[in-house]
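So the structure is just underneath, and the comments pick up after that.
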Amino acid sequence: GGTPTFPIYAEISDVETSPGTFVFSDYNYSKKYPDLGFVPAALLLSRIISLPVEGHATLDLGHKAISADSKDPRGKILNLDGSKLSAQHEEHWSVKIRPSDNVLLGQSVFVCPAHICPTVALHQFYYIVDERGICIDRWEVSARHRN
């Protein structure tokens, strides 16, 4: 079984389970299966790199950094309420923002990926942050350079 059936198989003593999506979880699973109780543990840190016109911001988070296989939304922007994906390219993500949002160039933006599996494979390291927001460790992604 997959992540949705993990709680069932975890109760069977002679069945070996292997970590999947439930290790980090993602935005889609947290929406589709809230009863599993998995809280997303992986976020992407991005920045606002451009404010080209009112109501739009550009993030440095393209599909080289977040899985592009999901239909909208590809992720949930956590600290820009009401923002919506406008267009995503290789290295940039254009988002619609409310004109009333007081965003600044260089502002940090946190994104919970919609599909964590291909997203984690796009990065060389995971930076481990504690509940205070302090980076306490760095994990290398050993599968990053495999074909």
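Would you tally the residues in region 89-109 being closer than 16 Å to LEU44 by Cα, surrounded by fewer than 20 Cβ atoms within 10 Å (Cβ to Cβ) and in contact with a Lys or Arg (Cβ under 9 Å, 6 or more places away or on another chain)? Step through it out loud before you land on a result.
Residues of region 89-109 closer than 16 Å to LEU44 by Cα: 90-95, 106-109.
Imposing the further condition that a residue be surrounded by fewer than 20 Cβ atoms within 10 Å (Cβ to Cβ) reduces the set to 90-92, 94, 106-108.
Filter once more, so that each one left must be in contact with a Lys or Arg (Cβ under 9 Å, 6 or more places away or on another chain): 90-91, 106-108.
Total satisfying the criteria: 5.
Being under 25 Å from TYR29 (Cβ atoms), polar (S, T, N, Q) and either touching a residue at least 12 places away in the same chain (Cβ under 8 Å) or assigned to a strand (DSSP E or B) (or both) is the requirement here; does SER46 meet it?
Working: under 25 Å from TYR29 (Cβ atoms): yes; polar (S, T, N, Q): yes; either touching a residue at least 12 places away in the same chain (Cβ under 8 Å) or assigned to a strand (DSSP E or B) (or both): yes.
So SER46 passes the test.
Quick check on region 9-43: of everything there that is of a type in the set (A, V, I, L, M) and assigned to a loop (DSSP other than H, G, I, E, B), which residue is nearest to GLY75 (Cα to Cα)? So that I can check it myself, show each step before the final result.
Start the filter on region 9-43 by keeping residues that are of a type in the set (A, V, I, L, M), which leaves 10, 12, 15, 23, 36, 39, 41-43.
Retained after the next criterion (residues that are assigned to a loop (DSSP other than H, G, I, E, B)): 12, 15, 39, 41-43.
Details: ILE12: 34, VAL15: 33, VAL39: 15, ALA41: 14, ALA42: 11, LEU43: 10 Å.
In this case the residue turns out to be LEU43.
Name the residue, out of SER70, SER50, that is in the same structural domain as VAL109 (by TED's automatic domain parsing), modelled with pLDDT under 90 and among the polar types (S, T, N, Q). First the steps, then the outcome.
Working: SER50 fails: modelled with pLDDT under 90.
Within the list SER70, SER50, the selection yields SER70.
Does SER86 meet the test of being over 18 Å from VAL23 (Cβ atoms), surrounded by 14 or more Cβ atoms within 10 Å (Cβ to Cβ) and among the hydroxyl-bearing types (Ser, Thr, Tyr)? It would help to see each step written out before you state the result.
On the way: over 18 Å from VAL23 (Cβ atoms): yes; surrounded by 14 or more Cβ atoms within 10 Å (Cβ to Cβ): yes; among the hydroxyl-bearing types (Ser, Thr, Tyr): yes.
So SER86 passes the test.
The values are calculated or read from the model by the stated rules, or taken from the named source; none is laboratory data. Predicted model, so just to flag it, every value in this text is computed and none were measured. So basically every Cβ, Gly included, is an ideal-geometry build from the backbone, and we count neighbours across all protein chains shown.
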